[in-house]
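The values are calculated or read from the model by the stated rules, or taken from the named source; none is laboratory data. All values reported here derive from a predicted model rather than from experimental measurement. Cβ placement follows ideal geometry from the backbone for every residue including glycine, while neighbour counts extend to all protein chains displayed. The accessibility values were calculated without ligands, DNA or RNA, using every heavy atom of the protein model including side chains. Shrake-Rupley method; radii C 1.70, N 1.55, O 1.52, S 1.80 Å.
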Amino acid sequence: MKLGVCYYPEHWPREMWADDARRMVELGLSWVRIGEFAWSRIEPEPGRFDWAWLDEAVETLGAAGLKLVMGTPTATPPKWLIDAHPDILAWDVEGRPRRFGSRRHYSFSSETYGRQSARIVEALAARYGDHPAIGAWQTDNEYGCHDTTLDYSPNAQTAFRRWLAARYGTVEAMNAAWGAVFWSQDYPSFEAVDLPNLTVTEPHPGLHLDFRRFASDEVARFNRIQTDILRARSPGRDITHNFMGFTTSFDHGEVAKDLDLSSWDSYPLGFLESFWFSEAEKRRYLRQGHPDVAAFHHDLYRGVGRGRFWVMEQQPGPVNWAHYNPAPLPGMVRTWSWEALAHGAETVSYFRWRQAPFAQEQMHAGLNRPDNILDRGGEEAAEVAREIARLGPLPSAAKAKVALVFSYEADWRIAIQPHGAAFRHLEIVFETYGALRRLGLDVDMVSPADDLAGYALVVAPCLPYLETPFLIRLAATGARVLFGPRAGSRDVSGKIPAELPPGPLQARLKLKVARVESLRPGVETAVRLGETTFQARLWREDLETRLPARATYANGEPAWVEDEGWSYLGFWPEADLLDRILTDLAREAGLETTPLAEGVRLRRRGDLTFAFNFAPEPRAAPAPAQATFVLGDAVLPPGGLAAWRA
Ligand code: GAL
């Protein structure tokens, strides 16, 4: 368990570097990430490299005893490069080139940019690849952030046509797979296919789905250009990329196949403010962040990284980029750090060392204030470093007993045809995650392609496409399984399966979805479970089946059916009902649950149990009477934590 920090030597006079490095080490930091936006200073003019400053920065930081993560600077192609090659720019959905003047303004499909990226990464790797201070590499910065995965440029159009030709072989096969006969959308050739923007009404869902898959593949392909070079030139160093939160526009697992570990950028207050949470939640968790947001991503990216992940950027104080940017509660930076470590993070690295007094992020806190006085976040990082040293090595975070299935492609499929505007894959999975975590359960997030052996309960709340191999592997686990509505409702190309939903799941659960409806927010429909009436929201299906019903609609028809440990929900449940369903299934799966007080969450690492309190009031730590506390005590302060051995 290590701590680190993001540092921008190019932002500060050289005279400060040695002192900064010394203070980083004094604070207890081991890693420093540099370089990821520094292209204009590394190569100020085409072909003229200025290594002197970066050499000195690397030497200075290394000499102080820090290990470096070197970032490749491809998120910020400099002005001279864009002026020389405007075809590097990505185009937005309205068909306009995006402009120079911030960052991430490039097209993943630009062949020019592919060559330029290779060139700058080659140069960096040749210079620093075997430098003893370089411990790891980060490719680019936050793929997809600022809505940059989907590109509607001529580059993308050309590359998409090629991608379709490789996928389908003949245009007839493509037309048939999509059902392009509809509205006379048959294409005479791959060269005739346009991108799915600027159409009069919604584009063909078959074309749209393939465009999303293509765009995702382009991110992985672009990343691979860099990892191939780094592997060859800098052997023995970990390669990572810093993923963003709530970003589903590309398949992170595909990118991670070329990485040694995944990392992500954790801004709990920025995420609470910027995403779908209710006004009440935004107020209640204002300074602590939503209880499930950081943990959801830790678990997601641990899975994406095949067990290995870092937090590359940890919020250190107020950020600048949300609608409103409150300050975290005192102690919160420490709590977020421990939360990441409890979930298995190898390193937590803070963004950034010192608040910059200029440019877009001048109102973003750092560990130090712009006047170089250690800020609250810095003090809390130092406290975490002392605690890590005191505790010594911790047992590793074991595999959880519960797997929650998350699929990027499912997210695109639902986004393309939501049917109900409020029905969103990410939110459905997140709600399910929260319900499991409120029961005190540790959760692994898995993709349908992952190894599922060893789980006692597998929850797949929203998987519109089911592949038979996945179902076979699932059956082999002997786990209890819950499918949410819309499971198996589409074939590989996005069409309704001939046997009707849930498609191939019918081999295991004898049911057909005869009819579906989406429900607007506020419209509910009764579901009866035992003696209690709950409500379904967002979605409701009529199920044709003889299977026994665990819950029924008001008309007595089956709403939740089960056969030999596998069950299917024909609706989306309100929160209380979801809690109830998962409580019952966890019990039947032989799992011990601990229903937690509002705002409290648990996470285990071996014999250590961590408890985190995201409520703005103190809470009792749900620890047994004989517990030995190693962090905190029996009262969790607002935004506080405790850890104990039972
Ligand atoms: C991240 C990004 C950093 C910085 C930070 C501010 O998304 O990777 O470069 O912009 O946000 O919170």
Return a yes/no flag: does the stretch 173-185 have any residue that is away from the ligand (no atom under 16 Å from the Cβ), under 30 Å from Arg237 (Cβ atoms) and buried (at least 22 other Cβ atoms within 10 Å of the Cβ).
no
Assess whether Glu202 counts as being assigned to a helix (DSSP H, G or I) and modelled with pLDDT of 95 or more.
no
Tell me yes or no: at least one residue of the stretch 347-361 is within 10 Å of the ligand (Cβ to nearest atom), open to solvent by 40 Å² or more (accessible area, probe 1.4 Å) and farther than 21 Å from Arg437 by Cβ.
yes
Can you tell me which residues in the stretch 27-78 are touching a Ser or Thr at 6+ places or on another chain (Cβ under 9 Å), more than 15 Å from the ligand (Cβ to nearest atom) and open to solvent by 50 Å² or more (accessible area, probe 1.4 Å)?
Ser40, Gly65, Lys67
If you go through the stretch 4-15 one residue at a time, how many are among the hydrophobic types (A, V, I, L, M, F, W, C) and either touching a Ser or Thr at 6+ places or on another chain (Cβ under 8 Å) or without any contact (Cβ under 8 Å) to a residue 12 or more places away in the chain (or both)?
2
Single match in Pro132, Pro196 (criterion: free of Cβ contacts under 8 Å to residues at least 24 places away in the same chain and assigned to a loop (DSSP other than H, G, I, E, B)):
Pro196
Quick check: anything in the stretch 246-261 in contact with a strand residue (DSSP E or B) (Cβ under 7 Å, 6 or more places away or on another chain) and within 30 Å of Tyr324 (Cβ to Cβ)?
yes
Condition met for Ala382 (in contact with a Leu (Cβ under 9 Å, 6 or more places away or on another chain), assigned to a helix (DSSP H, G or I) and among the aliphatic types (A, V, I, L, M)):
yes
Of the residues in the stretch 108-149, how many are open to solvent by 40 Å² or more (accessible area, probe 1.4 Å) and away from the ligand (no atom under 16 Å from the Cβ)?
8
Go through (1) open to solvent by less than 70 Å² (accessible area, probe 1.4 Å); (2) assigned to a loop (DSSP other than H, G, I, E, B); (3) of a type in the set (Asp, Glu) and name the single condition Asp542 misses.
(2)
Can you tell me which of (1) within 16 Å of the ligand (Cβ to nearest atom); (2) part of a loop (DSSP other than H, G, I, E, B); (3) open to solvent by 10 Å² or more (accessible area, probe 1.4 Å) is the one Asn372 doesn't meet?
(1)
All strands (runs of 3 or more DSSP E) inside the stretch 221-325 with 1 or more residues being within 11 Å of the ligand (Cβ to nearest atom):
262-266, 309-314
Please state which one of Leu511, Leu519 is modelled with pLDDT of 95 or more, over 28 Å from the mean Cα position of the chain (by Cα), farther than 30 Å from Ala642 by Cα and of a type outside the set (Val, Ile, Thr).
Leu511
Matching residues, the stretch 1-19, being part of a helix (DSSP H, G or I) and either surrounded by fewer than 21 Cβ atoms within 10 Å (Cβ to Cβ) or not assigned by TED's automatic domain parsing to the domain that holds Ala84 (or both):
Glu10, His11, Arg14, Glu15, Met16, Trp17, Ala18, Asp19
(1) open to solvent by 30 Å² or more (accessible area, probe 1.4 Å); (2) farther than 22 Å from Asp147 by Cβ: which one isn't true of Gly305, the others all being true?
(1)
Select the strands (runs of 3 or more DSSP E) contained entirely in the stretch 560-614, then report the ones holding at least 1 residues which are within 20 Å of Ala398 (Cβ to Cβ) and within 27 Å of the chain's Cα centre (by Cα).
600-605, 608-613
